[in-house]
Each structure stands twice: as structure tokens, then as C-alpha cells.
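Everything on this sheet refers to the single structure shown next.
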Amino acid sequence: MSLSVLFLGGTGTISSWCARRAVDAGIALTVLNRGTTTSRPLPDGVEVLRGDARDAESVRAAIGDREFDVVVDFIAFLPEHVAADIELFRGRVGQFVFISSASAYQKPVGNLPITESTPLHNPFWQYSRDKIAGEDLLINAYRNDGFPITIIRPSHTYDDLRTPLLGGHADIDRMRAGKPVLVHGDGTSLWTLTHSSDFAVAFTGLLGDQRTIGESYTITSDQALTWDQVYRAIGAAAGVRDPELVHVSSETIARFVPSLGPGLVGDKAHSVVFDNSKVKAIVPHYVCRVPYAEGARRIVATYDADPSLASPNEALEQAYDTLINLGRTAP
């Protein structure tokens, strides 16, 4: 009998590839979402339930009295979301999987590589602290009531629709036009990028495995690149051999563009290298098959096929130009 799995979400950057992989693996997959995202359609063979995962009554109405071998919440970002999940699925699920974040790991990082035993502490980013608070609720529910949890911490996971550059797809246009692009820091800190199709392999291998109950797992690529290498890979894919990269400190960028501050100072400004030994012990066939050079080619090809992926933001472009001028004139 196939594993019965419920995804809350299912059409996001990570969850869409996980849905494909689950169906390919013969899992009986049900997805509950609002049906508002069309850029990443669900594969054939998925049962679709309409409901708002953040409205407990909506979820109850959609699933009725059904039980599942596994429930995965891809869109729980606040501790109250997790608390509602525990209340909804207590006694009716064999494994509850929470998608946390590797940004929850200690910042600044005390030691590399980062493992599951690295402390969780991020004083810079509320998003990360909320994920930590959600983990705490789940751990208490497991210890006190036996609620069957598995915690997964992805780092920067992308697909063909997403680019990791500060300026997004607009930076591709800037490179092709011979314009400089903004890079945080000095471009030498290490970063790990994981294509969603690779993440999905390890993720699916954890579903329904009782050895994972009460445990946490990091799932990332083993490839670490400098940020300059990340930008140059996109440039190469876009046909630009040597794009002009202008470096400005993350703290300065945060002052000019406050919305970018937490994600930079609380995550991307720090070198991260991850040890995936724990997840590979459960899923020994997990190997990342999309190196970032290939991922960059896919991103550019997808953008060239659909230029509407770039969302013009004149105010942001002006802020970037100001920062680039500062970077060019800095001693």
C-alpha cells in the first residue's frame, strides 16, 4: 500500500519539485492549497484539496476526518502556524514534517561545517527566530505528547524561476547592457545553493521513515561558492564573460534598502558550508546532480523565454545605482 502524504502548500519553489518527486516515487499525494499559484503547476496524479492552510477551520473542512501517514507543512512561518498544526493533526498523522530553515543556525557561525548540532540562534532576522520558535513547539510536543515530528532545514533552495542575485532578473539585463551590478560584502564569502530538484530527492527519502521521528536534518548541496562566483555563473549563462561587480558592505546596503537588511546581515553575509552526512545516512542515494553552473543556465533560459519574470522597481534600481556609485568611489 502506498504512503499517504498531505502537503500544505505544494506549488512553491521547494514544494513543487517535492510534489513531482513524490508522485514519481509512487506516493499517494494530496495537496491542500488555495489554488492561487499557477507558475508551478502540480503534476498529474495529485489529489487537490482547496483550502487555506492558515485557517484551521478551512483545513478541517477540506480534510474531514481523514488520517495521513505523513503531513508536510511547507508554509508554516510563525509559531502560531505550528501550534495550529499540532492541534489539527495530533492523533491523525504518523509523521509531521516541518520545513524550517538553515538560517536558524547560529549567526555569526561559530564553526564550519554547519551540522544539525550547530546551535540555533539568529539575533538579526525575525524570520529565523520564528522558525526556531516553531521548532521549539514541535520538540516540546514530541517530548511531552509523542507528536511524531521531523524537522528539515533547507538553505538557499532555488528553481529555474528564481535567481539569487540582489537585483533579481534585472541584474541579468544590467550585465547584458554592460552596466555594473551590486554584490554584498567583498564577494568572497561562501554560499550554498541547492536546486529544488536535488532537495526533493533527499526530502522524499525521509518521508515515512520511522528513524527520522524526533530528528532534524539539513538538506543542502555540498557545493559552496563565493558570491562573486554566483554572479559570474549567471553572467556566463547570459553570455557576459566578465560582468562588472561592485562590492558594498551588507550593513551599508541594509541602511539604504532596509527590506534587504535582515536577510543579508542575518544570513547571506556569513559564509556557510554544510555537512549533509546525517541525511545521507537515511537517503544514501542523495547526490546533487545540478551544479550551480547548470542551474544558472536554466535560470537564464527560463528568463529569456519569459522576460515578464523581471519585475521593474524604479525606486530599488535607483537605490542600487546609488550604492554602486558609493562602492565605486570607496577607497
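The values are calculated or read from the model by the stated rules, or taken from the named source; none is laboratory data. Note that the structure is a prediction, hence the values are computed from the model and not measured. Methodologically, a virtual Cβ is constructed for each residue, glycine included, from the backbone with ideal geometry; neighbour enumeration extends over all protein chains shown.
Side notes on the structure shown:
- The condition (being surrounded by fewer than 19 Cβ atoms within 10 Å (Cβ to Cβ) and in contact (Cβ under 8 Å) with a residue 12 or more places away in the chain) is satisfied by just one residue among 205, 168, 134, 146: 168.
- Some residue of region 87-99 being of a type in the set (D, E, K, R), surrounded by fewer than 17 Cβ atoms within 10 Å (Cβ to Cβ) and in contact with a Ser or Thr (Cβ under 9 Å, 6 or more places away or on another chain): no
- Some residue of region 139-158 being part of a helix (DSSP H, G or I) and among the aromatic types (Phe, Trp, Tyr): yes
- Long-range neighbours under 7 Å by Cβ, at least six apart or interchain, first residue more than 14 Å from residue 182 (Cα to Cα) within region 225-240, second polar (S, T, N, Q): 226/188; 226/189
- Filtered residues of region 277-301 (kept if within 19 Å of the chain's Cα centre (by Cα), in a helix (DSSP H, G or I) and of a type in the set (Ser, Thr, Tyr)): 292
- Subset of region 207-234 [farther than 19 Å from residue 153 by Cα and out of contact with any Pro (no Cβ under 7 Å at 6 or more places or on another chain)]: 225, 226, 227, 228, 229, 233, 234
- Among residues that are assigned by TED's automatic domain parsing to the domain that holds residue 303, buried (at least 17 other Cβ atoms within 10 Å of the Cβ) and in a loop (DSSP other than H, G, I, E, B), residue 243 is included.
- The set of residues from region 160-174 being among the charged types (D, E, K, R) and in contact with a Leu (Cβ under 7 Å, 6 or more places away or on another chain) comprises just one member, 171.
- Members of region 68-84 that are in contact with a strand residue (DSSP E or B) (Cβ under 9 Å, 6 or more places away or on another chain) and free of Cβ contacts under 8 Å to residues at least 40 places away in the same chain: none
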